[in-house]
1. Considering every residue within the range 118-128, establish whether at least one is assigned by TED's automatic domain parsing to the domain that holds residue 101, assigned to a loop (DSSP other than H, G, I, E, B) and surrounded by fewer than 22 Cβ atoms within 10 Å (Cβ to Cβ).
2. Select from the range 146-176 the residues that are in contact with a strand residue (DSSP E or B) (Cβ under 7 Å, 6 or more places away or on another chain), closer than 18 Å to residue 194 by Cβ and assigned to a loop (DSSP other than H, G, I, E, B) and list them in ascending order.
3. So which residues in the range 136-145 are in a strand (DSSP E or B) and either within 14 Å of residue 115 (Cβ to Cβ) or touching a helix residue (DSSP H, G or I) at 6+ places or on another chain (Cβ under 8 Å) (or both)?
4. Residue check: is residue 61 surrounded by fewer than 18 Cβ atoms within 10 Å (Cβ to Cβ), touching a residue at least 12 places away in the same chain (Cβ under 8 Å) and out of contact with any strand residue (DSSP E or B) (no Cβ under 6 Å at 6 or more places or on another chain)?
5. From the list 92, 114, which one is surrounded by fewer than 22 Cβ atoms within 10 Å (Cβ to Cβ) and over 20 Å from residue 176 (Cβ atoms)?
6. Looking only at the range 6-20, decide whether some residue is under 24 Å from residue 109 (Cβ atoms) and assigned to a strand (DSSP E or B).
7. What are the residues in the range 238-268 that are farther than 21 Å from residue 172 by Cα, modelled with pLDDT under 95 and surrounded by 10 or more Cβ atoms within 10 Å (Cβ to Cβ), if any?
8. Within the range 194-207, is even one residue in contact (Cβ under 8 Å) with a residue 60 or more places away in the chain, surrounded by 22 or more Cβ atoms within 10 Å (Cβ to Cβ), in contact with a strand residue (DSSP E or B) (Cβ under 9 Å, 6 or more places away or on another chain) and not in a helix (DSSP H, G or I)?
């Protein structure tokens, strides 16, 4: 089956269009774009610049994919947006490519859902199997690992890192890193515990119990955070616990949690 392209779409010479691609009326595809087989692009969507879209993506109407970064330092350098396979990109989404200062690439993995009005800023990196609810907005250089969920109307500060299986509640404002397996919410967003609903879909009970114990030691004991993480890594054999502690040790923006006082501090 050949591609189905509306005569009312504008496809610039040089664009690479795979097999079984559908492009509806009033779309625009730039000469530097590559569209993988089986991808569907609904009407009034624009694919700008050097944008590579993988296989079997579904892009709904009025999406703006690959338009230049919203960064005043951008001066026309060669930058790129790379989108993997099997993503669903809903109406009025806005995805920007990278910038020279951030590696020149925005990269999106596979099997993600981007609901309406989601914005991905320059140099963002998204893993696989993530969900971004309506009007979630990611600033530049944000990293989101696999299976993360971001609630609607949630802005995320530049350079924030969200770990795998984490969940950010809707209408939060996130300015610090969220470790894997954890849940955060609020303005400003802070940790509220583990993302147990998500974990029960993917992890065994023994792994979840190990994470519960590690979470208590890290964020509820009042002990020094990084010292505790180092100690847990040396004592635990659980791979998920080690992932959690590695994230804590390597955070650059800090982790938003309320540190409880130890008994010694309370008696001082």
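1. yes
2. So in the range 146-176, the residues in contact with a strand residue (DSSP E or B) (Cβ under 7 Å, 6 or more places away or on another chain) come out as 148-151, 154-157, 160-163, 166-169, 172-174.
This time we only want the ones that are closer than 18 Å to residue 194 by Cβ, so: 148-151, 161-163, 166-169, 172, 174.
Of everything in the range 146-176, those that are in contact with a strand residue (DSSP E or B) (Cβ under 7 Å, 6 or more places away or on another chain), closer than 18 Å to residue 194 by Cβ and assigned to a loop (DSSP other than H, G, I, E, B) turn out to be 148, 151, 163, 166, 169, 172.
3. Within the range 136-145, 137, 138 qualify.
4. Judged against the criteria, residue 61 is a match.
5. That would be 92, the only listed residue that is surrounded by fewer than 22 Cβ atoms within 10 Å (Cβ to Cβ) and over 20 Å from residue 176 (Cβ atoms).
6. Yes, the range 6-20 contains a residue that is under 24 Å from residue 109 (Cβ atoms) and assigned to a strand (DSSP E or B).
7. 260, 261, 262, 265
8. no
The values are calculated or read from the model by the stated rules, or taken from the named source; none is laboratory data. Bear in mind that the values here come from a model prediction, so they are computed numbers and not experimental data. A quick note on method: Cβ atoms are made from the backbone with ideal geometry, for glycine too, and the neighbour counts reach across all protein chains shown.
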